[in-house]
Amino acid sequence: MRILGDKLKQIRKARGMSQAELAKGICTQATISLIEKKEQVPSTKILLEICKRLEITLDSVIVQEDDQLHVLLSRVQALLFTNEFKKARDLIQQIYTDQLVKADDYKRYYYFQGQIKLLLENKPDDALFFFNRAFNQYVVSQTDVYGILCIIGISKSYLMKGALERVRIYAEQAVEMLENSDPLAMADFQVELQIYNHLAGILFELKDYEGAIKYAQLAIDEAIDKQSLYLLDALYFILGRAEHALHRENALQDLTVAKTLALIRHHPEIIVQVDQQLAE
């Protein structure tokens, strides 16, 4: 979908509101500016609150884009979210770079290619090429959610290569972006949880157990608030492992929750990992 940024700006001005007044209690003023000037689509929650404050319907400022390219990119993203990497690779091969027009199209395409190279093909050098290309050429704002996704992808690529100092550098950059620029204002629920999950996993591998607990718990709280099971088994597993490393009493409880959720979500690999952890 595409947001009509200029139309939203005209409605805001007709209501006599400044960007700061529209943003108050909903998001940052920078988020409103990105919506109006760059037509970046915020999270559904933020968009609904903005429309409510302006007293307009959502469909008055949103256009559904149903062209083939956007349909394919959205399907690739959905497959990556459910770890169906082979299907995602088969689908993205139907997209040719001469079909890409907007910076947002290139950014998503190269990021998805990086994910496939890293998580399916175990080729961290190829993944680094795609993540860096997406980040350096097409990410133009600190609040762009694909910026932090690319930085996390770069960190995970170096983790696969065993270059822990570089892993640390990019993990710290990701944390700084999260703390200072609010990129998740532009992220939907699943993207937000993916970011927290990946970052928590990286911090665990760096033995920053407190950091791993922080981001795993943030994601768990968000999932529970949305009444969703998405990634909950993986998140509780990271949480339990980090707590175990710190000799905390609730580690066993959270690992047991992770196993129960993995049984419900049919994720045998997490069940095996939990059993191995409990056997230690």
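Tabulated data
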{"quantity": "Distance (nanometres) between label positions extended 7 Å along Cα→Cβ at SER18 and ASP188", "calculated": "3.4 nm"}
{"quantity": "FRET efficiency, LYS123 to GLU165 (Cβ-Cβ, R0 22 Å, nearest 0.05)", "calculated": "0.55"}
{"quantity": "Length-normalised contact order of the chain in % [C-alpha pairs under 8 Å, at least 6 apart]", "calculated": "11 percent"}
{"quantity": "Evaluated at q = 0.09, 0.11, 0.12, 0.18 Å⁻¹: base-10 log I(q)/I(0), Debye formula over Cα of the range 18-159", "calculated": "-0.33, -0.48, -0.57, -1.07"}
{"quantity": "Convex hull volume per residue in cubic angstrom - Cα atoms of the chain", "calculated": "135 Å³"}
{"quantity": "Under-5 Å amide H pairs with SER43, H placed in peptide plane, nonlocal only", "calculated": "MET186, ALA187"}
{"quantity": "Length gained when the stretch THR28-LEU252 is fully extended (0.36 nm per residue, less Cα-Cα span)", "calculated": "76.7 nm"}
{"quantity": "Shape of the range 2-63, Cα gyration tensor, a/c cut at 1.5", "calculated": "rounded"}
{"quantity": "Residue-by-residue Karplus 3J(HN,Hα) for the range 7-24, coefficients 6.51, -1.76, 1.60, Hz, glycine and proline x", "calculated": "5, 4, 4, 4, 5, 4, 5, 5, 7, x, 9, 7, 4, 5, 5, 5, 6, 3"}
{"quantity": "Sites matching trypsin sites (Lys or Arg not before Pro) across the range 91-148 that sit in DSSP coil, with at most 13 neighbouring C-beta atoms within 10 Å", "calculated": "LYS102"}
{"quantity": "Principal-axis tilt of helix 145-161 within the chain, Cα atoms, nearest 10 degrees", "calculated": "20 degrees"}
{"quantity": "Efficiency of FRET between GLU39 and VAL140 - r from beta-carbon atoms, R0 22 angstrom, step 0.05", "calculated": "0.95"}
{"quantity": "Sequence-distant residues sharing a close amide H with ARG2 (under 5 Å, placed H)", "calculated": "VAL63, GLN64, GLU65"}
{"quantity": "Contact order normalised by residue count of the range 162-280, Cα under 8 Å, 6+ apart, percent", "calculated": "18 percent"}
{"quantity": "Coil-residue chymotrypsin sites (Phe, Trp or Tyr not before Pro) of the range 58-127, DSSP, other Cβ within 10 Å capped at 14", "calculated": "TYR96"}
{"quantity": "Estimated inter-spin distance, ALA245 and TYR96, nm [label 7 Å along Cα→Cβ]", "calculated": "4.7 nm"}
{"quantity": "Above-threshold pairs, the threshold being 28 Å between Cα atoms, out of LYS37/LYS123; LYS117/LYS207; LYS161/LYS214; LYS86/LYS214; LYS24/LYS102", "calculated": "LYS37/LYS123; LYS86/LYS214; LYS24/LYS102"}
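Computed from the coordinates by the stated procedures, all read-outs in this text should not be read as laboratory data. Every value quoted in this text rests on a predicted model; they were computed, and no experiment measured them. Cβ coordinates were reconstructed from backbone atoms using ideal geometry, including for glycine residues, and neighbour counts include every protein chain displayed.
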